[in-house]
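Before any comments, here is the structure.
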Amino acid sequence: MDSGRIIGLVLDAKNASIAGATITVVDERTNEERTAKSNTDGAYEIVALKPSFYTIKVSADQFAPAEQTRLQLTVGQEIHRNFMMQLATLSSTISVVESVESAIDTSSARLGININPA
């Protein structure tokens, strides 16, 4: 056996499993990527990994992404890595597309008056 594997759980802040999370394992030497999805129990497994240093990236809808780097995997080793996902925070962008021109004429010092005939 000349390979290893990385297994673990993807959980939320209340220790509930997150199904369908995407787990990406990147070989830091070759940039080769392997991807898996967590099952209904939040468990994932990526097998047949060559000995190297790996980065694990985890993403799931409505959760902030998580990452762990520099995990060294040796021949025959099984690395257990659980991820506790945090809810994503909402960010807002407000853009002003149009502006209303001022009804006050600032280019003149003239005074005026409106008269409504009765």
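The values are calculated or read from the model by the stated rules, or taken from the named source; none is laboratory data. Quick caveat: nothing in here was measured; it's all calculated off a predicted structure. Cβ sites come from the backbone with ideal geometry, for glycine too, and all protein chains shown count toward neighbours.
Here is a yes/no grid of residues against (1) in contact with a Ser or Thr (Cβ under 9 Å, 6 or more places away or on another chain); (2) not in a loop (DSSP other than H, G, I, E, B):
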{"site": "V10", "(1), (2)": "yes, yes"}
{"site": "A19", "(1), (2)": "yes, no"}
{"site": "V25", "(1), (2)": "yes, yes"}
{"site": "N39", "(1), (2)": "yes, no"}
{"site": "D61", "(1), (2)": "no, no"}
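For the residues G42, G76, the requirement of being surrounded by 13 or more Cβ atoms within 10 Å (Cβ to Cβ), on the phi > 0 side of the Ramachandran plot and not charged (D, E, K, R) singles out G42. Does any residue of region 83-105 turn out to be under 30 Å from M1 (Cα atoms), touching a strand residue (DSSP E or B) at 6+ places or on another chain (Cβ under 7 Å) and either crowded, with 16+ Cβ neighbours inside 10 Å or modelled with pLDDT of 95 or more (or both)? Scanning region 83-105, I find at least one residue that is under 30 Å from M1 (Cα atoms), touching a strand residue (DSSP E or B) at 6+ places or on another chain (Cβ under 7 Å) and either crowded, with 16+ Cβ neighbours inside 10 Å or modelled with pLDDT of 95 or more (or both), so the answer is yes. Going by what's in this entry, would D2 be described as loosely packed, with under 12 Cβ neighbours inside 10 Å, among the charged types (D, E, K, R) and more than 18 Å from the chain's Cα centre (by Cα)? Here the answer is yes, as D2 does meet what is asked.
Can you tell me which residue in region 21-39 is surrounded by the fewest Cβ atoms within 10 Å (Cβ to Cβ), limited to those that are under 14 Å from Q72 (Cα atoms) and among the aliphatic types (A, V, I, L, M)? The qualifying residue surrounded by the fewest Cβ atoms within 10 Å (Cβ to Cβ) is V26.
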